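Shown next, in structure tokens, is the structure this report addresses.
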Amino acid sequence: MKLFLDTANTAQVAEIAAWGVLDGVTTNPSLVAKEGGDFKKTVLTMCKLVPNVSAQVTATTFEEMKKQAVEMSGWHKRVVVKVPMTVEGLKTLHYCRGKGIRTNTTLVFSVNQAILAAKAGANIISPFIGRLDDIGQDGMELIAEIMQAWSHYDFQTEVLVASTRHPRHIADAAMLGAHICTVPYDVFKKLPLHSLTDIGLQKFLKDWESVKKK
Ligand code: G3P
């Protein structure tokens, strides 16, 4: 499973990329607003660090989304244009597929939306699991349903588990065979940790001290 960082903070991308485990970054207008700065510069900095950087269009009509998609994809070959799951978005996905522009469909909340986005030509679909959990539904159940549907067909579209909120989401996504999982910085930092690893290392180091004294 590929791991993406869900952030618009370039320092966070540089830090996690240095671990050797990062396959990409997902940004969205809310994350960009939180960090401030010039969006294009941010995206280009990230493109030097990871092979995939999702940059979201902010228009809502096909004509405008199309223009933004062409512009953003021209910034760098590592840019993946993020398009919202709307009818205008579907037209944009179809257009981008024809032009060889890579796309990620955002705000996917149902299997039917996933199928439509895949058929329109999305390279990636992003079901938001945490936001389903927030309204009392089981977000991971949607991933299970999409992966089950995918198992019957030959969709090339990758399923990216988005809106993850805690480490268990990442493990569950992998066990369901999701292709990609995007992870917020604070959750990513928790992934390498286990209390038994810390306790075990302390004991090894303490025992090694006694070997050195002999
Ligand atoms: O990148 C989109 C998604 O991961 C947003 O997550 O926490 O705002 O629901 P969240």
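The values are calculated or read from the model by the stated rules, or taken from the named source; none is laboratory data. Quantities reported herein were computed from a predicted structural model and do not represent experimental measurements. All Cβ positions, glycine included, derive from the backbone under ideal geometry; neighbour counts span all protein chains shown.
Table for the structure above
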quantity: Evaluation of Val81 against (1) modelled with pLDDT of 95 or more; (2) within 16 Å of the ligand (Cβ to nearest atom); (3) out of contact with any strand residue (DSSP E or B) (no Cβ under 6 Å at 6 or more places or on another chain) (one fails), failing number; calculated: (3)
quantity: Cβ pairs under 9 Å, 6+ apart, first in segment 162-187 and under 24 Å from Asn9 (Cα atoms) and at pLDDT 95 or above, second of a type in the set (Asp, Glu) and more than 12 Å from the ligand (Cβ to nearest atom); calculated: His179/Glu158; Ile180/Asp23; Ile180/Glu158; Tyr185/Glu15
quantity: Residue identified as in contact with a Cys (Cβ under 7 Å, 6 or more places away or on another chain), at pLDDT 95 or above and outside any helix (DSSP H, G or I) among Leu3, Leu22; calculated: Leu3
quantity: Extreme residue, nearest to the chain's Cα centre (by Cα), among residues of segment 107-159 that are of a type in the set (S, T, N, Q) and within 15 Å of His179 (Cα to Cα); calculated: Ser126
quantity: Segment 60-74, residues that are out of contact with any Cys (no Cβ under 6 Å at 6 or more places or on another chain), crowded, with 17+ Cβ neighbours inside 10 Å and not basic (Lys, Arg); calculated: Phe62, Met65, Gln68, Met72, Ser73
quantity: Count of segment 103-126 residues which are closer than 30 Å to His166 by Cα, crowded, with 19+ Cβ neighbours inside 10 Å and either more than 10 Å from the ligand (Cβ to nearest atom) or of a type in the set (D, E, K, R) (or both); calculated: 12
quantity: Asp172 acidic (Asp, Glu) and closer than 20 Å to Ala17 by Cβ; calculated: no
quantity: Enumeration of residues in segment 131-169 that are among the polar types (S, T, N, Q) and within 15 Å of the ligand (Cβ to nearest atom); calculated: Gln137, Ser163, Thr164
quantity: Qualifying position, being touching a residue at least 12 places away in the same chain (Cβ under 8 Å), charged (D, E, K, R) and out of contact with any Gly (no Cβ under 9 Å at 6 or more places or on another chain), among Glu158, Glu141, Glu209; calculated: Glu158
quantity: Within segment 25-60, considering residues that are in a loop (DSSP other than H, G, I, E, B) and of a type in the set (S, T, N, Q), the one nearest to the ligand (Cβ to nearest atom); calculated: Asn28
